[in-house]
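Input: a single structure, listed below in structure tokens.
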Amino acid sequence: MSASFKDLRVWQEAMKFTVEVYQVTAAFPRHELYGLSQQLRRAAVSVPSNVAEGKGHRSDREFAHFLLHARGSLLEVQTQIMIAKELQYLRNEEAQRLLGSADAIGRTLNSLINSLSEKAA
């Protein structure tokens with residue numbers, strides 16, 4: 001039987017990242033509660049969620065499709081982090097730490113997508 005989505009390193013890292021996003025957005029201005037804060041949280045949640053959903057599908061091709069969605073959400077989060085930094089909702093160090101984590105998750109997603117694509121070819 002194949003491993004659970006919970007065993008995937010990329011899912012574990014994306015979960016930690018999502019918790020970090022929730023923690024930093026808790027300090028955003030109150031008027032951003034339904035704006036950038038909410039968008040950032042939703043996009044962050046989408047990353048591990050798409051990994052988990054894709055792992056539940058039968059084929060590598062379907063799994064890769066969901067990983068591409070996870071990567072798209074991750075790029076969305078990175079953009080929103082940069083916006084939050086420009087608006088001074090995040091300190092430079094916080095933004096750099098989050099962007100570094102996102103880059104690492106992105107590299108892992110890309111590796112997994114590439115390996116699934118090679119298996120499918």
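The values are calculated or read from the model by the stated rules, or taken from the named source; none is laboratory data. Not measured: the values here are computed from a predicted model. Don't worry about glycine lacking a Cβ; one is built from the backbone with ideal geometry, like all the others, and counts go over all protein chains shown.
Is it fair to say SER111 is surrounded by fewer than 17 Cβ atoms within 10 Å (Cβ to Cβ), at pLDDT below 95 and over 11 Å from the mean Cα position of the chain (by Cα)? Here the answer is no, as SER111 does not meet what is asked. Condition (residue is touching a Ser or Thr at 6+ places or on another chain (Cβ under 9 Å) and charged (D, E, K, R)) applied to segment 86-104: is it met by at least one residue? No, there is no match, as no residue in segment 86-104 is touching a Ser or Thr at 6+ places or on another chain (Cβ under 9 Å) and charged (D, E, K, R).
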